[in-house]
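See structure below.
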Amino acid sequence: MARRPRTDRVAASKAPTAFAGDIDALIAFLDLERGLARNSRENYQRDLDQAAAFLAGRGAKDWRTVSSAQAGEWLRSLSRRGLSPASLARKLSALRVLARFLVRENYRNDDFTALLAGPKLSRRLPDTLSPAEIERLLKAPVGGDPAALRDRALLELFYSSGLRVSELAGLTLQQLDLKEGFLRVFGKGSKERIVPVGGRACDALSVYVESGRPHFVKAGTGSELFLSARGGALSRVRLWMIVKMYAKRAGIAKSVKPHLLRHSFATHLLSGGADLRSIQEMLGHASISTTQIYTAVESQRLLDQHARFHPRNK
């Protein structure tokens, strides 16, 4: 069967020379100030290159001469091509960042994106596992062989600390302090944060490091924490497969992916009374608005419980 073409893709275009310098200056600035991840840097470059190519075709000589009407025309052209609201919002965000940068650097006196309205985005609530499902998942690796010790430790750590799968895959022994019960994690943009590790996760990690990990060590093994049979770090894909395998063994019907453990970590903390700012820090979210989605998850859970158990809802 032929694959359907994606409707949110726009052909890549290089920015005309008169526009390219300001794009490069912005990306260099963001790299220094925010420590942009590679994907973010590529997204900024691609989106602003596309915008510049379009605007040059509409008569703009450079970013200093772009009008609000021309920028709005670009967004409408993207909408007509069938871009998703999320893609439109991302491209408008890149343009806003550039416009504000130009004002900040005194290249322009006005923000040409100030009057532009972005698409309304409906935020889908993240799915989570119940505490009972988490318990079944964490008990799924049975036995005392090295693979079981490793998998029990990584599942416990996933749920205990709410790590991203890339963060877990990149962990080294030096980042782990089992005596004090915390991790030093390098998240998006290489930003460092301290993440607590719970007692049960510390116990599982101690057993793995002492009795499981040495069996995976090969001649070229480095300090990676979770090792494959070949002695290298477990890849993100392999971690994803491990989580899926144990979810199936635990009889969990939901589509369980590593990020689901991160969502469950945050939702269960909130349910237990943790404050949103602390959860934000542990998750490594740059903005509290990203973390606030979990308050909606908790509110929905309460509504569901009320609808299910209140006698006047029968």
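A compact table of results
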{"quantity": "Failed item in (1) within 11 Å of F265 (Cα to Cα); (2) within 22 Å of the chain's Cα centre (by Cα), with V165 passing the rest", "calculated": "(1)"}
{"quantity": "Residue within the range 94-112 that is surrounded by fewer than 18 Cβ atoms within 10 Å (Cβ to Cβ) and at pLDDT below 90 present", "calculated": "no"}
{"quantity": "Answer from A233, A204 - the residue that is under 27 Å from S130 (Cβ atoms), surrounded by 14 or more Cβ atoms within 10 Å (Cβ to Cβ) and either touching a residue at least 12 places away in the same chain (Cβ under 8 Å) or among the hydroxyl-bearing types (S, T, Y) (or both)", "calculated": "A204"}
{"quantity": "Failed criterion for P196 (all others in (1) modelled with pLDDT under 95; (2) loosely packed, with under 14 Cβ neighbours inside 10 Å; (3) more than 30 Å from L32 (Cβ to Cβ); (4) in contact with a helix residue (DSSP H, G or I) (Cβ under 9 Å, 6 or more places away or on another chain) hold)", "calculated": "(2)"}
{"quantity": "Boolean, A94 is touching a Gly at 6+ places or on another chain (Cβ under 6 Å), within 30 Å of H263 (Cβ to Cβ) and not assigned by TED's automatic domain parsing to the domain that holds I252", "calculated": "no"}
{"quantity": "Only listed residue being closer than 23 Å to R193 by Cα, in contact with a strand residue (DSSP E or B) (Cβ under 9 Å, 6 or more places away or on another chain) and either in the same structural domain as R136 (by TED's automatic domain parsing) or at pLDDT 80 or above (or both), chosen from L269, L225, L260", "calculated": "L225"}
{"quantity": "Any hit, the range 292-309, residues being aromatic (F, W, Y) and modelled with pLDDT of 80 or more", "calculated": "no"}
{"quantity": "Unique residue being more than 17 Å from A18 (Cα to Cα), of a type in the set (A, V, I, L, M, F, W, C) and part of a helix (DSSP H, G or I) when the list is L102, L83, L98, L75", "calculated": "L75"}
{"quantity": "Filter result (within 15 Å of the chain's Cα centre (by Cα), modelled with pLDDT of 80 or more and assigned to a helix (DSSP H, G or I)) within the range 272-291", "calculated": "I279, Q280, E281, M282, L283"}
{"quantity": "Of all residues making up the range 160-184, the number that are among the small types (G, A, S), out of contact with any Pro (no Cβ under 9 Å at 6 or more places or on another chain) and surrounded by fewer than 20 Cβ atoms within 10 Å (Cβ to Cβ)", "calculated": "2"}
{"quantity": "Any hit, the range 46-66, residues being at pLDDT below 90, surrounded by 15 or more Cβ atoms within 10 Å (Cβ to Cβ), out of contact with any Leu (no Cβ under 9 Å at 6 or more places or on another chain) and under 26 Å from K188 (Cβ atoms)", "calculated": "no"}
{"quantity": "Any hit, the range 136-155, residues being within 28 Å of L32 (Cα to Cα) and β-branched (V, I, T)", "calculated": "no"}
{"quantity": "Lone qualifier among A69, A132, A51, A114 - being in a helix (DSSP H, G or I) and either touching a residue at least 40 places away in the same chain (Cβ under 8 Å) or in contact with a strand residue (DSSP E or B) (Cβ under 8 Å, 6 or more places away or on another chain) (or both)", "calculated": "A51"}
{"quantity": "Options A140, A201; residue that is in a helix (DSSP H, G or I) and not hydroxyl-bearing (S, T, Y)", "calculated": "A201"}
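The values are calculated or read from the model by the stated rules, or taken from the named source; none is laboratory data. Everything numeric in this text was worked out from a predicted model, so none of it was measured. Cβ coordinates were reconstructed from backbone atoms using ideal geometry, including for glycine residues, and neighbour counts include every protein chain displayed.
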